[in-house]
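Trainee: Please find one structure pasted underneath; my questions will follow.
The values are calculated or read from the model by the stated rules, or taken from the named source; none is laboratory data. Just so you know, these numbers come straight off a predicted model, no measurement behind them. Don't worry about glycine lacking a Cβ; one is built from the backbone with ideal geometry, like all the others, and counts go over all protein chains shown.
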Amino acid sequence: MSKTLFNVIALIFCVTILNAQPKEPTIPIDKNVTITGKVIDKDTQIPLEYATVAFFSKTENKIVDGGISDINGEFKITVKDGVYDISIEYISYKKVTLSDKNLTQDEDLGNIFLEINYGELDAVEVIAERTTVEIKLDKKIYNIGKDLTTAGGTVSDALNNVPSVSVDIEGAISLRGNENVRILINGKPSALAGFGDTNVLSQLPAEAIERVEVITSPSARYDAEGTAGILNIILRQKETLGFNGSLNFTVGNPDNAGLSANINYRTEKFNLFSNIGFRYFDAPRNSFSDTRYFDRIENNATVFPEYERIIEDEEVERLNRNYNASLGMEYFLSKKTSLTGSIFYRYGQDRDKSLNNSDRFNNGSIVEKTLRAERQSEDGNNFQFALNYITKFDNKGHELTADIQLEKGNEEQLTFIDENYLVTNQTNPEAFQQENVIQDEDEKESLFQIDYVLPIGDNSRFEAGYRGNFENTITDYTLEQEDISTNTFFVNDTISNIFDYTENVNAFYAQYGSKFGQFSFLLGLRLENTQLKGKIDSRLTDQELEESFGFPIDIDFDNNYLGLFPTLNLIYDLGKNSDSEESITFGYNRRINRPRGWFINPFPSRSSRTNVFQGNPNLRPAFASAFDLGYLKRWDKLTLTTSVYYQYETDSFERIQENTGNQTSDGIDIIRTVPVNLSTNKRTGAEFGILYNPEKWLRLNTSFNFFEFETDGEFNGVDYSAKNTSWFARISSKVTLPSKIDWQTNMFYRAARQDAQSENKGIFSIDLAFSKDIFNDNATISLNVRDLLNSNKRKSLTTTEFFSRDSESQWRQRQVNASFIYRFNQQKKQRERRENNGDDDGEFEG
């Protein structure tokens, strides 16, 4: 429960009690006395703010006065002199009563110690364990703070345990099987999400998350970007009750060591919060591919490939060091107005080394064998400054908020590539060129936002606001190649380039929500103008660029797209009582998918000599309309959620693999991957989830998602239409063993799926975790194993008119972690109670 809400309830409680009986004539008492004291938690010695103090008059046989404690746990109350029973109460604590106190003069009661009522608190915790999903008009909220399997893990690990969400082996996040999902941090785009690069989420600790909001039918107040919907990650930020915090230490295998600290301090006028962390880890990955090349017809003649088959086996060592720190302060200008400022900084240092063995066959025999070594160093940092202002005009939700967020990031990447023959049938073969790839990327982003909320009566609300989001990325790409005759390097200026890309989005929105009996609705409209602007600085002429690309492109573009995005969300409560709750929801929204900068940059990035990725500056945004129908039924120990959905997307872009017609110096075809506005895309699906708590010691959670997608489109004369069904499911169980040891098991399976050119096999993984509280519940130790069977591998078959490729890759092998967390001045049970009561985020709900 938020402090403001608790304050209001406490005051209403006192006033209600004071006015509960008719006023009767009393004998005037002329003397007033002032009573003071301090309310303190007996175990932690922490002052208790908003504790209720009531004075029961023995003469009048009723409560005649009262008050609440301040930020320091202190109270000062003036009453008439007389004999009183003084009661001191605080939620989930045992009530203390000072009986028959004869108050004849000012008196200091001193320190009053309250003890936690564990019986009552256990009941609260059982509810919190059971109710881990909350349904609102435009989202589902999942509290994942108690997920043991993610202890010592990352934000990506935590997201992979959220229903409807899956994270593939390369870190790509999808919602209901759709990767076009918008990631927000605390409701806003953020440098913490890596300016759209979700790899950063694989570097932030999972312990930073308080909850995840899965927004499959976003209201008008949210960005229209993300045709799949929005994942809003709410980070832990503020604590209460004076000075408190926690320390977290993790070690694991493969090498994984992390240390983080959360420190918070609150006074009557300000709230100071901070987080600092360091993580070092090795995330080895491996991949295997078997490619068979076909004969092809060119100019009415058959062209035979240099090699009929190439097998590549790659192992990569990835050493990462990451530092992050944040500091913020909320300053209370008045009881209803506050100003919050925060800064965040992240520095990352990656050192990767890969060895790729390549075997080349003709007529079933090896004719050539090479070893390719690639060393890559990457240093990056992100800085973010945020300022938030909020003023509440009353206690009914009438408020104004304003946000400013400024971000800056830089990433420097240096890659050295060297390849040598191990076996060859050539006589005096020409050596491979060594290559240095140097890429420097500067990113800037600014956000300005203002939101206004006006309650209308008791059951209606109007909202309006503006958001401006302005991004600029400059990518400086240089390719240095070896001159074999002189053993020196020269700059290949036909590939080296500078790409300046800008994305500006201005948006206005308004929405109105109301409740009529059991029916609630939220209707909104968002107007967005998107500017996509890019300029390429290269030695090549426009014609040379177009010839290298294969079709006309615009290398200096400035495109504007104006769109209206209506939203409608409905809830109908079928019934709600102490034993059950039942409701039906419906949502409609229109969305946009904007291409990111690296999808537009036409210069190829060289993941190898034979495989390149090339952006497409002709890409247009894709637009989608989505419908969602949901059902919720909650019993005492069981919660069922289910929904069916449909989405229709136009101009959807997908990655196409094709032969460039060029070859390496040793005669291997160069394959290009390029994103194009390929098709229309229809997606239909259904999902359901069950949360079951048959006993206090047992919690079961399962979810299932089935979807069918159909694409219809062609590119360069090739028909890429496809229709496929797939599904994924997860099961989680949490059992409390003797000695209060918690045991959690998570299982996940993603079924086989197919896209325009590839067939992907099913993936199964299982995670285990154990934890126990120690040191009087002030500390927790845990042990977890992620991907117990080491089975989280992607296996696929890609077929084109030029080649067929079987591949297998594992982004991260089995991981074992041990974690220790110590909390000071915030016992676990107190912390959980505050978190589970939570602050209302102000969203309209039925």
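Trainee: Among the residues in the stretch 657-668, are any at pLDDT 80 or above, under 28 Å from T415 (Cβ atoms) and assigned by TED's automatic domain parsing to the domain that holds N425?
Mentor: No, the stretch 657-668 contains no residue that is at pLDDT 80 or above, under 28 Å from T415 (Cβ atoms) and assigned by TED's automatic domain parsing to the domain that holds N425.
Trainee: While we're looking at this one, here's another question. Against the conditions (1) buried (at least 16 other Cβ atoms within 10 Å of the Cβ); (2) within 30 Å of T291 (Cα to Cα), where does G364 fall short? Just the number, please.
Mentor: Among (1) buried (at least 16 other Cβ atoms within 10 Å of the Cβ); (2) within 30 Å of T291 (Cα to Cα), the lone unmet condition for G364 is (1).
Trainee: Any residue that is among the small types (G, A, S) and modelled with pLDDT of 85 or more - is there at least one of those in the stretch 61-77?
Mentor: no
Trainee: Within the set of pairs 6+ apart or on separate chains, which have a first residue in the stretch 627-638 that is of a type in the set (A, V, I, L, M, F, W, C), a second that is outside any strand (DSSP E or B), and C-beta atoms under 7 Å apart?
Mentor: What qualifies is W635/D579; W635/S580.
Trainee: Give me a count of the residues in the stretch 494-536 that are touching a Leu at 6+ places or on another chain (Cβ under 7 Å) and of a type in the set (S, T, N, Q).
Mentor: 5
Trainee: If you check K335 against the conditions, is it assigned to a loop (DSSP other than H, G, I, E, B), in contact with a helix residue (DSSP H, G or I) (Cβ under 9 Å, 6 or more places away or on another chain), in the same structural domain as S485 (by TED's automatic domain parsing) and surrounded by fewer than 18 Cβ atoms within 10 Å (Cβ to Cβ)?
Mentor: yes
Trainee: Follow-up. Do you know which of the residues in the stretch 401-422 that are of a type in the set (S, T, N, Q) and surrounded by fewer than 16 Cβ atoms within 10 Å (Cβ to Cβ) is nearest to T370 (Cα to Cα)?
Mentor: N420
Trainee: While we're here: How about the stretch 701-779: which strands (runs of 3 or more DSSP E) wholly inside it have at least 2 residues that are within 30 Å of R823 (Cα to Cα) and within 25 Å of the chain's Cα centre (by Cα)?
Mentor: 722-737, 741-750, 763-774
Trainee: To continue, here is another question. Condition test on S289, is it under 27 Å from I185 (Cβ atoms), of a type in the set (G, A, S), buried (at least 16 other Cβ atoms within 10 Å of the Cβ) and touching a strand residue (DSSP E or B) at 6+ places or on another chain (Cβ under 8 Å)?
Mentor: So S289 fails the test.
Trainee: A further question on this structure: Considering only residues of the stretch 566-595 that are assigned to a loop (DSSP other than H, G, I, E, B) and under 27 Å from the mean Cα position of the chain (by Cα), which is nearest to A224 (Cα to Cα)?
Mentor: Looking at the filtered set, the residue picked out is R594.
Trainee: Could I ask something else about it? Can you find even one residue in the stretch 574-590 that is charged (D, E, K, R), more than 22 Å from F613 (Cβ to Cβ), at pLDDT 90 or above and surrounded by 18 or more Cβ atoms within 10 Å (Cβ to Cβ)?
Mentor: No - not one qualifying residue is present in the stretch 574-590.
Trainee: Within the stretch 436-534, considering only strands (runs of 3 or more DSSP E) that don't extend past its boundaries, which have at least 1 residues that are within 28 Å of the chain's Cα centre (by Cα) and among the small types (G, A, S)?
Mentor: Per the criteria, 460-483, 497-516.
Trainee: Let me ask something else about it. When residues of the stretch 55-97 are filtered for being over 14 Å from K38 (Cα atoms), of a type outside the set (S, T, N, Q) and not in a loop (DSSP other than H, G, I, E, B), how many remain?
Mentor: 14
Trainee: Being more than 16 Å from D755 (Cα to Cα), modelled with pLDDT under 85 and of a type in the set (A, V, I, L, M) is the requirement here; does L691 meet it?
Mentor: So L691 fits the description; yes.
Trainee: Any residue in the stretch 801-818 that's among the aromatic types (F, W, Y): show its pairings with residues that are assigned to a strand (DSSP E or B) and modelled with pLDDT of 85 or more at Cβ separation under 7 Å, as long as the two are six or more apart or on different chains.
Mentor: F802/Y293; F803/T291; F803/R292; F803/Y293; W811/R285
Trainee: Restricting attention to the stretch 446-460, and to residues there that are closer than 18 Å to S514 by Cα and touching an Asp or Glu at 6+ places or on another chain (Cβ under 9 Å), which single residue is surrounded by the most Cβ atoms within 10 Å (Cβ to Cβ)?
Mentor: V453
Trainee: While we're on this one: Hey, among F803, F824, F820, which residue is surrounded by 18 or more Cβ atoms within 10 Å (Cβ to Cβ), aromatic (F, W, Y) and at pLDDT 50 or above?
Mentor: Going through F803, F824, F820 in turn, just one is surrounded by 18 or more Cβ atoms within 10 Å (Cβ to Cβ), aromatic (F, W, Y) and at pLDDT 50 or above: F803.
Trainee: Could you check A261 against (1) at negative phi; (2) modelled with pLDDT under 80; (3) in contact with a strand residue (DSSP E or B) (Cβ under 7 Å, 6 or more places away or on another chain) and say which number it fails?
Mentor: With respect to (1) at negative phi; (2) modelled with pLDDT under 80; (3) in contact with a strand residue (DSSP E or B) (Cβ under 7 Å, 6 or more places away or on another chain), A261 is out only on (2).
Trainee: Further, regarding this structure: Please list, ordered by first then second residue, the pairs with beta carbon atoms under 9 Å, 6 or more apart or interchain, first in the stretch 209-220 and at positive phi, second in a strand (DSSP E or B) and surrounded by fewer than 23 Cβ atoms within 10 Å (Cβ to Cβ).
Mentor: Sorted first by the residue in the stretch 209-220, then by its partner, the list stays empty.
Trainee: Looking at (1) in contact (Cβ under 8 Å) with a residue 24 or more places away in the chain; (2) more than 26 Å from Q439 (Cα to Cα); (3) exposed (fewer than 15 other Cβ atoms within 10 Å of the Cβ), find the lone condition where G341 falls short.
Mentor: Single failed check for G341: (3).
Trainee: Out of (1) touching a strand residue (DSSP E or B) at 6+ places or on another chain (Cβ under 6 Å); (2) at pLDDT 85 or above, the odd one out for F243 is which?
Mentor: (2)
Trainee: Can you find a residue in the stretch 391-400 that is touching a Phe, Trp or Tyr at 6+ places or on another chain (Cβ under 8 Å) and either surrounded by 15 or more Cβ atoms within 10 Å (Cβ to Cβ) or among the basic types (K, R) (or both)?
Mentor: Checked the stretch 391-400: at least one residue is touching a Phe, Trp or Tyr at 6+ places or on another chain (Cβ under 8 Å) and either surrounded by 15 or more Cβ atoms within 10 Å (Cβ to Cβ) or among the basic types (K, R) (or both).
Trainee: If you don't mind, another one. Across the stretch 685-700, which residue is surrounded by the most Cβ atoms within 10 Å (Cβ to Cβ) among those that are without any contact (Cβ under 8 Å) to a residue 60 or more places away in the chain and over 24 Å from the mean Cα position of the chain (by Cα)?
Mentor: Y692
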